[in-house]
Amino acid sequence: MVAEKKALWVVFRPEKPEMTEAMREKFLVSYQAFRDMEGLYSKVWWTDPDKGEWGAMYVFRSEEDLQGYLHSDRWQNKIPEKYGYKPQVVAVLDLGPILYKEAVLEGEGSWLSEPEDRIRSGDLSDDG
């Protein structure tokens, strides 16, 4: 039920911003772990290269699942160790209806901003 779900909006503001392609690679490494995470309904990764920020919008099945994640070893330790800094929680939000027009079942080729020819060819490099 949507009324029970909670959203978590997170932003990372690194001292030295990385290229979008480098960030996509980091996301792909963690894609399966998030897909298998109990209590996580969906996750959308995003980047804003102009601001040098990136982050995610998580949708959890409940407030309890969201709080469990924020108190987990992954959030408290593994993420800061992986990236060298801690992400900022921008907001915890109540949700309205959720519409997904397409199911994404794997990380590779899932960025909406990737040109179709790069997705089909498997070439996800900056120069391709």
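The values are calculated or read from the model by the stated rules, or taken from the named source; none is laboratory data. What you see is a predicted model, and the numbers here were worked out from it, not measured in a lab. Quick reminder, even Gly has a Cβ in these numbers, built from the backbone with ideal geometry, and neighbours come from all protein chains shown.
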Taking the options Lys51, Lys26, Lys43, name whichever one is within 9 Å of the chain's Cα centre (by Cα) and among the basic types (Lys, Arg).
Lys43
Under the condition of being within 20 Å of Lys16 (Cα to Cα) and modelled with pLDDT under 90, which residue from the range 82-99 is surrounded by the most Cβ atoms within 10 Å (Cβ to Cβ)?
Tyr83
For the range 58-86, the count of residues that are in a helix (DSSP H, G or I) and among the polar types (S, T, N, Q) equals 3
Condition first: among the basic types (Lys, Arg) and within 14 Å of the chain's Cα centre (by Cα). Can you find one or more residues in the range 77-92 that meet it?
no
Is it true that Phe60 is within 18 Å of Pro87 (Cα to Cα), touching a residue at least 40 places away in the same chain (Cβ under 8 Å) and in contact with a helix residue (DSSP H, G or I) (Cβ under 7 Å, 6 or more places away or on another chain)?
yes
Among the numbered conditions (1) part of a loop (DSSP other than H, G, I, E, B); (2) acidic (Asp, Glu); (3) touching a residue at least 40 places away in the same chain (Cβ under 8 Å), tell me where Glu21 comes up short.
(1)
